[in-house]
Structure formats: structure tokens, C-alpha cells
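Reading through the C-alpha cells given below for one structure.
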Amino acid sequence: MIRRIFSIIFMFVVFMCLFTVPAFAAIGETPAKQQQVVNVAHRGASGHAPENTMAAFEKAFEMKSDYIEIDVQMTKDGELIAIHDTTVDRTTNGMGFVGDFTLEEIQQLDAGSWFDEEFAGEQIPTFEEIVDKYRGKVGLLIELKSPELYPGVEEKVADVLTERNMHRPNNNKVIIQSFNHESVQRSKELLPNIPHGVLAGMNWAEVTDEQLQEFAAYADYFNPNRNFVDEELVERVHRSGMEIYAYTVREQKHADELFEAGVDGIITDFPEYVYDFPGQN
Ligand code: G3P
Ligand code: CA
């Protein structure tokens, strides 16, 4: 009788090993998709720390993002700084246009408390400070933000990169982009060895192959609003010879959709949404 009970238990264990373990293993298996997607931390890891501050860039670095995205504007005294809006109202305790402040004045503002008290006292960083801290450690996706307000901003950015020998071919991971496509062309002329990207808002949702060809004459990236990205657009951008980084992901499902569409990069406030993909480290 005891023998019989043991043999039933033995048969049960064998059954479990043969059928259930492989089934669980299959569930946990990495699917066949192994495509690598570049992870760009939008204004730094801005879902976790105040955008365009050293705290946000440091968080992105810690989270192992491939690139940090930086919005570059210029102060009244011609210094390059990182801030998104053309006024300081939303992201600091001050008010007024960025271009009406000197560097000294703008750096007295608190750029952290609006996000969380934990970040009280964060300053608006200079572009040079960011480049010096992160070049060679993490890629820099530099956005010329509203460059039409800051004549000469392309030259100033080019000077910062050239002084550091970052203008040479294959030197560091640096990309320059803008919604202002004339500014992209001007910057490309100054820095022909640095890849450039055209940002495309919803007004480019119907972009034609001919327009993509025109962009490809000076740009290496077509970086669109995620709302009009699908597999067909990705294929057309690739056919034009450019890569495609889509913005801005703030939900996991949107990252998943972009991954399915086959984009090359995802610009996100939450870098962890991109690392969740199979094939990511
Ligand atoms: O890098 C793409 C994205 O930053 C463009 O939109 O308004 O967040 O600068 P915005
Ligand atoms: Ca930006």
C-alpha cells in the first residue's frame, strides 16, 4: 500500500516537471523581439525630478538612459541655459521671459519646489555645466528651443561643442534638434559632423515622402509627436535615410505602441518604461 502511495506521488511529481515547469518557463521567456530602442530621458528623467535641472539629468544618468534631452535657451546676457518654456513662470518661483533675465538673476530662482519640496533650491543649470558633467557618460539630445527668439544661439551651441572637441565625427553621442527647421539647417552648416534632427509636431502629421526627402538633405533624424507614429511612417522615414525618435511618452502603453511601430528611439519622462522592453538592458 505504502509503495503504491509513493508511486502515485512519484508519478505526480514527474507530471508536474514535464508539463507545468516548461509552461511557466515559456511565460517568463523573452519574446522573439530583440529590437533595441534608444532610451531618451525627456528634459532629464522629468517624471521623477524637476525638468531641465541637474537633479533630473542625474536621475536619468542613474537610470542608465542612453540620452538626456536638454531644452536650450539664452539669457539677456547671452548665456546658454536649460529651460523649456520661454517664460520662467511654470517651472520656477519667478515670473517673466527667459530672455529678460541675466544669468545671475535667473539662477537665483528656485527651479525645484514647483515639482516637490524635496527639490527646493534647484537652480536653472547652464548648458556648459550640463555638457561638462555628462559628455562621454550619457548622450546629449540638444533641443534649440524657440531659437528665433535668440539670434546667434546656433553659433553659441556650436562654440561650446567645438571648444570641447565634440564637433568631430563619431565623437560622443550628441544630436541637435529643433522644431525650427531653419535653425536646424543653420546648425548643421556650423556642425556638419554632428547628427541633427527635425522635430515634427502635429502640423506634420500628413508629412509626404517628398518632405521627408527634403529633411533628409540636412537631417539625420525625423522626431515626431508620438500621436501620428505608426509602422508605415517609420518605414517611410527609414526609406528616406533618417532615423525616428518619437516624443513624449508618459505611459507604458504608449511606449509599447511605439516599440511595436518600430521606432529607433523613445523620448520619455519615465526611462523605466523603455527599459521594460525585451532586449533592453
Ligand atoms: O525631444 C522632443 C520634445 O522635447 C519636444 O517637445 O515641447 O517637450 O520640448 P517639448
Ligand atoms: Ca524638448
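Laboratory data are not the source of any read-out in this text; all were calculated from the coordinates shown. Keep in mind that this is a model prediction, so the values were computed, not measured. Note that we place each Cβ from the backbone using ideal geometry, even for glycine, and neighbour counts take in every protein chain shown.
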Long-range amide H partners of residue 174, meaning residues 5 or more apart or on another chain whose placed amide H is closer than 5 Å, are 140
What helix-only [θ] at 222 nm does the chain give? Using -39500 (n - 2.57) per DSSP H run of at least 4, over all residues, to the nearest 500, the answer is -9500 deg cm²/dmol
In nm, the gap between the two label points placed 7 Å beyond Cα toward Cβ at residue 129 and residue 208 is 4.7 nm
Sorted on mean Cβ neighbours within 10 Å (highest first), peptides 59-66, 38-45 come out as 38-45, 59-66
Mean projected area, convex hull of alpha-carbon positions in the chain, reported to one decimal in nm², is 19.6 nm²
Scoring the chain by relative contact order with C-alpha pairs under 8 Å, at least six apart, yields a percentage of 18 percent
So, over other residues within a Cβ distance under 12 Å of residue 136, counting Lys, Arg +1 and Asp, Glu -1, the net charge is +4
Packing-ranked peptide list from 257-263, 232-238, 205-211, highest mean Cβ count within 10 angstrom first, is 257-263, 232-238, 205-211
Rounded to the angstrom and largest first, Cα extents along the principal axes for the range 38-170 equal 41, 35, 20
Once normalised by the length of the range 130-177, the mean sequence separation of its alpha carbon contacts under 8 Å that are 6 or more apart gives a contact order in percent of 54 percent
In whole angstrom, the spacing between the Cα centers of the range 163-235 and the range 51-87 equals 19 Å
Once residue 107 and residue 170 are pulled to full extension, the length gained, defined as 0.36 nm per residue separation minus their Cα-Cα distance, is 19.3 nm
Each label sits 7 Å from Cα toward the beta-carbon; between residue 239 and residue 227 the label points are separated, in nm, by 2.6 nm
